Amino acid sequence: WTITADVASGGNSATDSETLTFVSPYVGNYLIEHVGWNQTYNLGDTARFTIQTQQRNSSTGDFDAVAVTSAPTYALRYWDGDLSQWIAITSGTMTALSPTGTYEATYVIPSTSAWAGRKVSFSTSAVISGTRINDAREIEIVSSPAQVVINSITDATVPTISASTRITNEGTAAF
């Protein structure tokens, strides 16, 4: 891609060339299908990433599940805007759930508040009949942290401490 901006005073700016990579779950007769895709997870949840590798049926035109020669690989990462870079979380080989091309990877979302609101990219790659297919999806980590405000303490004597408080959900999920 070459980008040229029109300058308000007339003329054009310098050009800027960028290389973009298109990731498609579909290449010709082959497809990576996500099974039971969940877009949001809470802190502490076990995220399950399940895919099915598929090949076009030449007689019907539909896609049928097909096993691959070697298990698909996956990578989890997130964009750190402060550092302006992708941070790797984990990667590996997906586990076969069936002999007909269903594979899964799992990841336990950390329970720390730094993960709340984070968007995580799950990318996978598989080779079907010599053709490499890649796919990427995004999940969001949600939580419901509370803001606790002590309005007043009416009795500070132990063991009869009494206070007025307000608790507000400041998270990205209902609670």
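Computed from the coordinates by the stated procedures, all read-outs in this text should not be read as laboratory data. Just so it is clear, the structure is predicted and the values come from calculations on it, not from any experiment. Note that each Cβ is placed from the backbone with ideal geometry, even for glycine, and that neighbours are counted across all protein chains shown.
Summary of computed values
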| item | result |
| --- | --- |
| Nonlocal amide H pairs with S143, under 5 Å, H built at 1.01 Å | G117, T172, A173 |
| Theoretical gain in end-to-end length, S152 to D80 [0.36 nm per residue, Cα-Cα removed] | 22.0 nm |
| Square roots of five times the Cα gyration tensor eigenvalues for the stretch 115-162, Å | 55, 10, 4 |
| Qualifying GluC sites (Glu not before Pro) for the stretch 106-175 [loop in DSSP, other Cβ within 10 Å: at most 14] | E170 |
| Over the stretch 61-175, volume per residue of the alpha carbon convex hull, in Å³ | 193 Å³ |
| Cβ-Cβ FRET estimate between T40 and A96, R0 fixed at 25 Å, reported to 0.05 | 0.40 |
| Net lengthening on full extension, E138/N169 (0.36 nm per residue, minus Cα-Cα) | 8.7 nm |
